[in-house]
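Student: Before I ask anything, let me first share the structure, which is written out below as structure tokens.
Here, each number is a calculation from the coordinates, and none is a lab measurement. Everything quoted here is computed from the prediction, not taken from an experiment. Positions of Cβ are backbone-derived with ideal geometry, glycine not excepted, and every protein chain shown enters the neighbour counts.
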Amino acid sequence: MIARRPLPAWAEIVVLPLVNIALAFLTVGIIVRIIGVDPFHALSLLVVGAVGSSESIGYTLYYTTNFIFTGLAVAVAFHAGLFNIGGEGQAYIGGLGCGLAILAFDRYLPAPLMIPLAILAAALFGAAWAAVPAWLQAWRGSHIVITTIMFNFLAAALMVYLMVNVLIAPGSMTPQSRTFASSGKLMSMHEALAAIGITVAPSAANVSILLAVLCCVGVWVFLWHTPWGYALRTMGHNPEAAVYGGTNLRHMTMLAMCISGGLAGFVGVNELMGVHQRIVLDFPAGYGFAGIAVALMGRSHPVGIVLAALLFGALQQGGAELAFEIPTITRETVVVIQGLIILFSGALVNMPRPWLQWLLSLLSSPRSGEVPAKRAEGS
Amino acid sequence: MDDLLSFAFLMLAATLRVATPLVLCAMGGLFSEKSGIIDVGLEGKMLMAAFFAAAISAVTGSAWLGVAAAIVAAEVMALLHGFACITHRGNQVVSGVAINIIAAGLTVVWGTAWFNRGGQTPPLVGDQRLLPLLLPNAGDNILVYAALLSVPLTWWIIERTRFGLRLRAVGEMPLAVDTAGISVPWLRYRAVLLCGLFAGLAGAYLSIAQNAGFSRDMTAGQGFIALAAIIFGKWRPFPAFGACLIFGLLDAIAIRLQGVKVPGVGEVPVQLIQALPYLLTVFLLAGFIGRAIAPRAAGVPYQKEH
């Protein structure tokens, strides 16, 4: 076997993810072709649907917000060497916390107090839902992947019970809470922009995207510029070295998972305070799982995650428009793309690497050819 | 007395009906996990199989072709899992999650394009379904018996054959198996393919035996309950079968208790009973009820030394 040199950093960070996405799109293109739709026509409809008007851009950004939250959530856990598949449940329970805070206080508190309190409640509830699997892993030795999966189902069961039996608005036929008072609503993007004199079409985009940007900066500072972030990443790379460096792995597991869960909980802020303005069922709608794809594609770095989240947001919005234009294509095409991206940039990430190494070795072969010649001279 | 007997019979039949896909799936998952390949993608394999069983059965009119299609569909997903995890040494959990999401999307995409019913297949009638064999109204189709048979079969293969011995070894210490001159990848591929076979049967049961057609996301977490049953059974066939029966019974009880007031307790929330399999598994994993120890090499890709 030929000894392979590792890929240069630029190929690892830029080219490899692009190859992974290309493979995912190629596969879904073939699937669309099988269905009997021209994939290029579908792609152009998708692009127009995602960024063709200020309204569609607004919706793209609204979806992007969710993907940033769940992508960051998965990434923080990844850096600690933990695989948090529980983003779905943490988002659900985070939304519950946010909604409960608003239902309790929205009639008494003004918006400047109510909104931070609700955001805090979302983070705390999301973190608490992640803290239990973290505690079980750190102190009781149960595997975090399995427990977070189980906690997704537990969250879903709990929410159905609460919505049907406890939180349902009196007289309502569907399981949803009463509408939040105005102090519990987040300003939508078109209102915020109108206040500074910019007119855009109304959409679901709201100011929680600013919270998402803030979280990106916060995660970046935390992971790469604080001692805790350093300890967390050390644990992910080499737990023994972390212990040698004085890190308490149990506490660090708790910290990583609580931050992860809190970030996932912010999906509730965007969905409930920004859009639904009441507690509803099933609002996490797969964002927690998609966060795995976002984190994998964004190489667990906030910049990469923003880019990946933008792509996923555009796909989500464009896919909805595409399904509207071509009835034989459903919105689930986007779900297939998400799955394929997880497959290619996660499970099969090692597959294209030798191809790239081979390609690069072809490009650099004239130079590497010189080396043995020089050696021959010297000997 | 007669009432009690017939009630017990009804509950037993209901339990078996619900437990059948769990048992098949759990036995399949056991092969994979015993060989050191974690299978979070049972759900996706089962869903894919359920779709192709119903689709092919609806198009050809033969339930048996439906079963064959289900097995092929699940095996394709199993091979994909093997290709990612064994050949390319990818993360097994990531691969499983990918398979679940791809299956959830693809079944609806294909179903809509194919039948134009919002992801559902046409309702199946007559020979398009697997029908009960011996007992009236018990739903005892051939796959129920297959599930019952699969448990001793799995036990026998894993505990009493040379292949099973090697399978257990490769899940505990692949280096030892490799040193003995046995191919680790080929062993693991066979385990993954066996897993696909059983998951395929489980999927076929859902769409052409228990129900009369495929509907989107019809597995509804049963693949994960099967995974929980494997853990609950501590990676052994008969205890895992027992766990499937308990989980099946819980489900049968949940359906019975819907809206019923239990004396002294009041109305038991159905969601609590439905959440019990997950809750019990969490408790077990935490070591509160015994200890569940996974095969030691589970989740670790095997890198052959050069």
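Student: Name the trypsin sites (Lys or Arg not before Pro) in the stretch B:198-279 that are in a loop by DSSP and that have at most 15 other C-beta atoms within 10 Å, would you?
Tutor: B:LYS234
Student: Given the DSSP H assignment, sum -39500 (n - 2.57) over each helix run of at least 4 residues in chain A and divide by its residue total; what's the result at 222 nm in deg cm²/dmol, nearest 500?
Tutor: Numbers: 16 runs with 264 residues, N = 379.
Result for chain A, helices only: -23000 deg cm²/dmol.
Student: Further, regarding this structure: Sorting check: for A:275-281, A:206-212, A:338-344, which peptide has the highest mean count of neighbouring beta carbons within 10 Å, and how do the rest follow?
Tutor: Those peptides, ordered most packed to least, come out A:338-344, A:206-212, A:275-281.
Student: Still on this structure, I have one more. Using every alpha carbon pair in the protein assembly as shown, what percent of pairs falls into each 10 Å bin from 0 up to the bin containing the largest distance?
Tutor: 3, 14, 24, 27, 19, 9, 3, 1, 0, 0, 0
Student: If I model a spin label as a point 7 Å beyond the Cα along the Cα-Cβ vector, how far apart are those points for A:VAL48 and A:ARG140 in nm?
Tutor: Going from the A:VAL48 label point to the A:ARG140 one covers 5.5 nm.
Student: Using only C-alpha positions, report the orientation-averaged shadow area of the convex hull of the stretch B:2-285, nm², one decimal.
Tutor: 16.4 nm²
Student: Okay, next question. Other chains near A:203-216: what is the mean number of their Cβ atoms within 10 Å of each residue's Cβ?
Tutor: Details: counts 0, 0, 0, 0, 0, 0, 0, 0, 0, 0, 0, 0, 0, 0.
Whole-number average of other-chain Cβ neighbours for A:203-216 is 0.
Student: Moving on. Roughly what angle does helix A:249-268 make with the longest principal axis of chain A, taking Cα atoms, 0 to 90 degrees, to the nearest 10?
Tutor: Around 60 degrees separate the two axes.
Student: Also: Give the relative contact order (percent, whole number) for the stretch A:64-126; include only Cα pairs under 8 Å separated by 6+ residues.
Tutor: After rounding, I find 35 percent.
Student: Something else now. What order, most packed first, do the peptides A:121-130, A:349-358 have when packing is the mean number of other Cβ atoms within 10 Å of each residue?
Tutor: A:121-130, A:349-358
Student: Could I ask something else about it? So for chain A, averaging the separation of alpha carbon pairs under 8 Å that are six or more residues apart and normalising by length, what relative contact order in percent results?
Tutor: Normalised by residue count, the contact order of chain A is 33 percent.
Student: Next question, about the same structure. Please report Rg over Rh for the stretch A:20-100, where both radii come from the alpha carbon positions and Rh follows the Kirkwood definition.
Tutor: 1.10
Student: Shifting gears a bit: Kindly express, to the nearest 10 degrees and within the range 0 to 90, the angle between helix A:208-225's C-alpha long axis and the longest C-alpha principal axis of chain A.
Tutor: 50 degrees
Student: From the convex hull of the Cα coordinates of chain A, what is the mean projected area in square nanometres?
Tutor: On the way: hull surface 101.1 nm².
Answer in nm², one decimal: 25.3.
Student: Say we join alpha carbon atoms closer than 10 Å with springs in a Gaussian network model of chain A; which of A:LEU23, A:LEU103, A:LEU154 then has the biggest fluctuation?
Tutor: A:LEU154
Student: Return the average number of partner chain Cβ atoms within 10 angstrom of each residue Cβ along peptide B:269-276. Write down the numbers at each step before the final one.
Tutor: Values: counts 7, 4, 10, 3, 1, 5, 9, 1.
That works out to 5 on average.
Student: Which value results when the Cα radius of gyration for the stretch B:1-116 is divided by 2.2 N^0.38 Å?
Tutor: The reported ratio for this selection is 1.30.
Student: Kindly express, to the nearest 10 degrees and within the range 0 to 90, the angle between helix A:352-363's C-alpha long axis and the longest C-alpha principal axis of chain A.
Tutor: 40 degrees
Student: Kyte-Doolittle mean at least 1.0 and Cα extent at least 20 Å along the axis: which DSSP H helices of chain B qualify? It would help to have the intermediate numbers written out before the result.
Tutor: On the way: long enough: B:2-34 (44 Å, 1.16); B:42-60 (27 Å, 1.43); B:63-82 (28 Å, 1.73); B:92-115 (33 Å, 1.50); B:142-160 (26 Å, 1.39); B:184-204 (30 Å, 1.23); B:237-257 (30 Å, 1.66); B:270-285 (24 Å, 1.86).
Those that clear 20 Å and a mean of 1.0 are B:2-34, B:42-60, B:63-82, B:92-115, B:142-160, B:184-204, B:237-257, B:270-285.
Student: Using a 10 Å cut-off on Cβ to Cβ distances, tally the other chain neighbours for every residue of A:323-332 and report the average as a whole number. Walk me through the numbers before you get to the answer.
Tutor: On the way: counts 2, 0, 0, 1, 3, 5, 3, 10, 4, 11.
That works out to 4 on average.
Student: Aspartates and glutamates near B:LYS34 by alpha-carbon distance under 12 Å, same-chain residues fewer than 8 away left out - which ones?
Tutor: Reachable aspartates and glutamates: B:GLU159, B:GLU172.
Student: Now for a separate question. Can you list residues from other chains, or at least 5 along the same chain, whose modelled amide H is less than 5 Å from the amide H of A:ASN206?
Tutor: A:MET189
Student: Please sort by residue number the chymotrypsin sites (Phe, Trp or Tyr not before Pro) in the stretch A:10-113 whose DSSP state is loop and whose Cβ has at most 14 other Cβ atoms within 10 Å. Provide the component values of the computation, followed by the final result.
Tutor: Values: sites: A:TRP10, A:PHE25, A:PHE40, A:TYR59, A:TYR62, A:TYR63, A:PHE67, A:PHE69, A:PHE78, A:PHE83, A:TYR92, A:PHE105, A:TYR108; in loops: A:PHE83, A:TYR108.
When the chymotrypsin sites (Phe, Trp or Tyr not before Pro) of the stretch A:10-113 are filtered for loop state and at most 14 Cβ neighbours within 10 Å, A:TYR108 remain.
Student: Could I ask something else about it? Report, by chain and number, residues whose modeled amide H sits under 5 Å from the one on A:ILE168, excluding near sequence neighbours (fewer than 5 apart, same chain).
Tutor: Hits under the 5 Å cutoff: none.
Student: Still on this model: Only sites in a loop by DSSP and with at most 16 other Cβ atoms within 10 Å count here; which trypsin sites (Lys or Arg not before Pro) in the stretch B:99-166 make the cut?
Tutor: Here the trypsin sites (Lys or Arg not before Pro) that fit, given the DSSP loop and packing criteria, are B:ARG117.
Student: Starting with the highest mean, order A:161-173, A:218-230 by the number of other Cβ atoms within 10 Å, averaged over the residues of each peptide.
Tutor: Result, highest mean first: A:218-230, A:161-173.
Student: Stokes-Einstein at 25 °C, 0.890 mPa s, Kirkwood radius from Cα pairs: D for the stretch A:13-168 in µm² s⁻¹?
Tutor: 130 µm²/s
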